[in-house]
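One structure below.
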Amino acid sequence: MGNSDKTPAVVSVNTLDLENQRNDITNIVSHQGGKVTHITDSGDEALQFVISHQGKEVKVDPETDKKLLRKIDIHIIPLICLLYAVQFMDKLSNSYASIMGLRSDLNMHGDMYSWTGSAFYIGYLAFEFPCAVALQKFPLMTTVSIFIIVWGVVLMLHAVTNYAGFVALRTLLGALESSVTPAFVILTGQWYKKSENFLRTAMWFSCNGLGQIIGSGVIAYQLHENMNSYAMDAWRLIFIITGSITIALAAVIFVHLPNKPTEAWFLSEQEKVLVVERISKGLETNTSKSIS
């Protein structure tokens with residue numbers, strides 16, 4: 001390239017272009033004759049939502065922001081904390097079942113039981129990346145709800161009669177549970193500013209301990225204490241009970257949590273605009289850059 005080709009082009013995003021050409025968000029203005037080249041055919045959905053509501057007055061004062069944040073916390077945080085607790089409880093169900101006759105009934109010996117734990121993480125590691133891609137390509141909460149319902153069914157099917165089937169189900173359970181953490185990372189980013197992300201992530205991640213308390217202290221202990229009084233083996237019951245809880249919670253999440261803030265049933269139209277505005281201000285970047 002000659003020296004004349006080294007003159008920088010300008011990438012710009014401006015309100016006038018967005019209003020007049022809704023589908024043309026980013027432009028490159030070349031140094032040769034000021035030619036404008038459109039490099040995107042469609043804009044971000046949240047941005048388009050704000051554009052469609054430009055006639056409305058938007059004020060994010062501290063008091064309004066505080067009330068909105070509290071409302072988001074009330075509707076989002078309790079459910080995702082509970083789900084994260086339940087997924088950890090499901091993960092540990094194998095351990096609870098092992099002291100209630102699982103190993104003897106499925107004729108496990110040597111390191112066969114250890115492999116049931118390894119199988120879970122083999123599935124988890126193998127499918128974590130594909131699950132993360134699926135969560136970005138399809139509606140977030142709809143997709144993760146489907147994953148959760150299926151893993152609840154898989155967990156109930158752990159009441160099998162042979163070792164090979166049990167290991168296969170543990171692998172599938174790990175694959176399905178690998179969707180939870182990426183989904184919650186995306187969900188937290190959708191609703192909260194960067195400065196708010198750490199605390200909310202810490203809140204739902206710390207609920208692993210709650211899952212262990214519910215699983216061992218509430219469910220497993222009660223089943224173990226009365227294990228000889230059931231028509232079914234206690235270790236099979238623990239999988240059926242935890243799987244049923246998981247499916248019920250998935251149904252609540254499917255109905256309650258929206259795929260994105262602009263679809264939130266618990267927010268007014270004005271509040272939806274405010275959510276998008278406050279998140280965009282928490283992720284501020286320059287809208288005009290020089291590219292050499």
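Please treat every number below as a calculation from the coordinates, not as lab data. Note that the coordinates shown come from a computational prediction; the quantities given were computed from them, not determined experimentally. Cβ coordinates were reconstructed from backbone atoms using ideal geometry, including for glycine residues, and neighbour counts include every protein chain displayed.
See the values below:
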| read-out | value |
| --- | --- |
| Rule-of-thumb Rg ratio for the range 75-219 [Cα; 2.2 N^0.38 Å; N residues] | 1.11 |
| Net length gained if the chain between Met203 and Asp111 were fully extended (0.36 nm per residue, minus Cα distance) | 29.5 nm |
| Contour excess over end-to-end distance, with Cα ends at Tyr221 and His256 and 0.36 nm allotted per residue | 9.5 nm |
| Cβ-based net charge around Val150, under 13 Å, with every Lys or Arg adding one and every Asp or Glu removing one | -2 |
| Under Karplus coefficients 6.51, -1.76 and 1.60, residue-wise ³J(HN,Hα) of the range 110-118 in Hz, glycine/proline x | x, 9, 4, 5, 4, 5, 5, x, 5 |
| Prolate/oblate/rounded label for the range 157-227 (Cα gyration tensor, a/c 1.5) | oblate |
| Three-way shape call for the range 85-150 based on the alpha-carbon gyration tensor, with the a/c threshold at 1.5 | prolate |
| Kirkwood-type radius of the range 188-262, with distances r between different C-alpha atoms, in Å | 15.2 |
| Cross-link pairs Lys91/Lys137; Lys67/Lys91; Lys66/Lys260 - those with Cα-Cα distance over 32 Å | Lys67/Lys91 |
